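The values are calculated or read from the model by the stated rules, or taken from the named source; none is laboratory data. All values reported here derive from a predicted model rather than from experimental measurement. Cβ coordinates were reconstructed from backbone atoms using ideal geometry, including for glycine residues, and neighbour counts include every protein chain displayed. Calculation scope for accessible area: heavy atoms of the full protein, side chains included, ligands and nucleic acids excluded. Shrake-Rupley method; radii C 1.70, N 1.55, O 1.52, S 1.80 Å.
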Amino acid sequence: MTDAELSEAEKTFILHSVQDNFREDGRGNEDFRHMEVETGLISNTNGSARVRLANTDVLVGVKVQLTAVDPEKPEVGRLDFFIDCSANATPAFEGRGGEDLGSEISAMLTRAYSCPSAVDFHSLCVLPGQQCWLLYVDVLLLECGGNLFDAVSIAVKAALFNLKIPNVTMTKDEGGVELDLSDDPFDFKRLNVAGAPVVVTVNKIGHKHVVDASEKEEECTLARIILGVTEKGTITSMRKEGSGSLDSDSISEMMESARKVGMELNKILLKALEEEEKQGAKTVGFLR
């Protein structure tokens, strides 16, 4: 999704800079832009996070709800993603303009988190065969500055890291099992997101490829692959976009770059989230 309109001279400049591994903003081809991550911003959610990646701004809130288990998977919890493309992010989202993009991002996240090692879904099962936790992950795109898939996935992982799930007490009586949710704000459990993937988008520009493409670089991209990558380098999902073709060697090189960048991104993100948590609650963020 880009509103950038470039002249042929600008496109040529970007193309040459990528071939020289020195992009227009000074980055190398496998470098991310500066990123800001905040958690615990929305008080009426169980977990939340905001990510600002250059001009891309994403807000995520997670709410939990007890629900009946899926009959086909009676011993695991569930994740449900919803993407709201705000019309303030870009004029292209006015009306129903962002629905297709929202569906694509939601589908990509669903596939990325469908890997059994991504999240311990068994820990979300409260009463096997009957009740489990359903996590509603609501994503709001506040501003679009390129690389939306990656920014959204980082915000989702940060919000799940911040998630606080109320502890449940089970009481047996003649009518069955009664579930009581704790209303103590300090009586909760956390979700282990160490294995949760982040999405890495690799854009093919000329004969080279780049990660974390800006809007201008996306305008010069004929093909790209989007991959979900865990901290151990496992690829949990993959899709190809664009009208351009990719040969097998290019795909292999792009996948290897995605694995390398994804592993490092997971490592840095978790470290930053753990450090933020150790610092304790602070009055930061525009929703405090």
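Separation of the stretch 225-262 and the stretch 1-51, taken as the distance between their Cα centroids, equals 18 angstrom. Each label was represented as a point 7 Å from its Cα along the Cα-to-Cβ direction; for residue 171 and residue 99 these points are 4.7 nm apart.
Residue by residue, the stretch 150-167 carries 3J(HN,Hα) couplings of 5, 4, 5, 5, 5, 5, 5, 5, 5, 5, 5, 5, 7, 5, 10, 9, x, 6 Hz when phi is fed to the Karplus relation 6.51 cos²θ - 1.76 cosθ + 1.60 (θ = phi - 60°); x denotes Gly or Pro. Length, then width, then depth: along the principal axes, the Cα atoms of the stretch 169-276 run 68, 35, 26 Å. Solvent-accessible surface of the chain, averaged per residue with a 1.4 angstrom probe and all protein chains in place: 50 square angstrom.
Summarising the label geometry, the points placed 7 Å from Cα in the beta-carbon direction at residue 65 and residue 184 lie 2.7 nm from one another. Compactness of the chain is given as radius of gyration and Dmax, 20.3, 78 Å, from Cα positions. For the stretch 1-150, the ratio of Cα radius of gyration to the globular rule of thumb 2.2 N^0.38 Å stands at 1.31. What is the pair-distance distribution P(r) of the stretch 149-228, computed from all Cα-Cα distances in 10 Å bins starting at 0, with each bin given as a whole percent? Values per bin, smallest distances first: 16, 26, 20, 15, 12, 8, 2, 0.
Pairs from the table (232/260; 204/267; 232/271) lying more than 18 angstrom apart at Cα are 204/267. Each label was represented as a point 7 Å from its Cα along the Cα-to-Cβ direction; for residue 192 and residue 130 these points are 2.6 nm apart. Take every DSSP beta bridge with both residues inside the chain and express the antiparallel ones as a percent of the total, to the nearest 5. Counting only bridges with both partners in the chain, antiparallel ones make up about 85 percent. Estimated from helices alone, the mean residue ellipticity of the chain at 222 nm is -9000 deg cm²/dmol (sum of -39500 (n - 2.57) over DSSP H runs with n ≥ 4, per residue). For residue 56, the residues 5 or more places off, or on other chains, whose built amide H falls under 5 Å of its own are 145.
Leaving out ligands, DNA and RNA, what percent of the accessible area of the stretch 17-105 is carbon and sulfur, probe 1.4 Å? Kindly include the intermediate steps, with their values, before the conclusion.
Values: 1910 of 4500 Å².
Here carbon and sulfur together make up 42 percent of the probe-accessible area.
Between the listed residues 272, 261, 226, the Cα displaced farthest toward the positive end of the dipole of the stretch 148-288, a dipole computed from Cβ unit charges relative to the Cα centre, is found at 261. Taking chymotrypsin sites (Phe, Trp or Tyr not before Pro) as exposed when DSSP calls them loop and at most 10 other C-beta atoms lie within 10 angstrom, the chain has its longest site-free stretch at 1-185.
About the Cα centre of the chain, how large is the charge dipole given +1 on each Lys and Arg Cβ and -1 on each Asp and Glu Cβ? Please answer in debye to the nearest 20.
Values: 30 positive and 48 negative charges, 120 e Å.
Value, rounded to 20: 580 debye.
Averaging 1/r over every pair of different alpha carbons in the stretch 90-177 and inverting the result gives a Kirkwood radius of 16.0 Å.
Couplings 3J(HN,Hα) of the stretch 23-38, computed from phi: 6, 4, 9, x, 7, x, 5, 10, 9, 8, 6, 4, 10, 10, 10, 10 Hz, in residue order, whole Hz [Karplus 6.51 cos²θ - 1.76 cosθ + 1.60, θ = phi - 60°; x for Gly and Pro]. Summing +1 for each Lys or Arg and -1 for each Asp or Glu among the other residues whose beta-carbon sits under 11 angstrom from that of residue 147 gives -3. Applying a DSSP loop filter and a limit of 13 other Cβ atoms within 10 Å to the GluC sites (Glu not before Pro) in the stretch 82-114 leaves 94.
With a cut-off of 15 Å between beta carbons, the residues surrounding residue 241 carry a summed charge of -1, where Lys and Arg count +1 and Asp and Glu -1.
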